[in-house]
Amino acid sequence: MPHIHLPENLPGIRGLMAFRPDTAQPLNELAEILLRGENTLTRGERELIATYVSHLNDCFFCQNAHGGIAQHYLQCDLSYLDALKADPEAMPISDKLKALLAIAASVQRGGKYVTPAQIDRARNLGATDLEIHDTVMIAAFFCFCNRYVDGLGTEAPANRQFYIDRGPMRAEEGYAHFDLRK
């Protein structure tokens, strides 16, 4: 049960955004830039970073909402995504993405946990300054969003298929101007 009165049938951050639309706009604009804007990381890779950090924070809503979008972009199934969240180093993804996910995991623990060795590893594997910057910013942004969603006790559908079914629509709709009721 949410800690404050939120609109019905709007799970997770969507209810919070409907409750306070004036704060929703800048958050959505930042999400649009980070997850869908110009970048050499694919939208799927960026959604995966968001999903992974949300998993590390144990935020059920965010890891599944963004996981559904990541699944759409990456054309993978739920078991693949779950395995990736559990152990990215063991998965068949690029070494560069593994290095970026390690940086994201350090940010999740606290910004000072990111080490020069992690940055060097990512650079040596081809990561650009923009990719490193955006990885850190996505990780930090999702730590904020996860705490916002869970700190106010928002509700989230327990059936993970709910998020998978909505992934394609969310991917197409984007973040800047979406209808909160969907």
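Could you tell me whether any residue of segment 145-154 is assigned to a helix (DSSP H, G or I), within 28 Å of PRO26 (Cβ to Cβ) and among the acidic types (Asp, Glu)?
yes
Is it the case, given these coordinates, that ARG166 is part of a helix (DSSP H, G or I) and farther than 22 Å from LEU74 by Cβ?
No; evaluated as a whole, the condition is false for this residue.
Applying the selection to segment 6-29, what residues are in contact with a helix residue (DSSP H, G or I) (Cβ under 8 Å, 6 or more places away or on another chain) and either closer than 16 Å to GLY153 by Cβ or surrounded by 15 or more Cβ atoms within 10 Å (Cβ to Cβ) (or both)?
Passing the criteria: LEU6, PRO7, LEU10, PRO11, GLY12, ILE13, LEU16, MET17, ALA18, ALA24, LEU27, ASN28.
Taking the criterion of being touching a residue at least 24 places away in the same chain (Cβ under 8 Å), of a type in the set (A, V, I, L, M), under 22 Å from LEU56 (Cα atoms) and part of a helix (DSSP H, G or I), would at least one residue in segment 118-133 satisfy it?
yes
Rule-based calculations on the coordinates, nothing more; no lab input. All figures in this text were calculated on a predicted structure; none of them were measured in a lab. For neighbour counting, all protein chains shown are included, and Cβ atoms are generated from backbone atoms with ideal geometry for every residue, glycine included.
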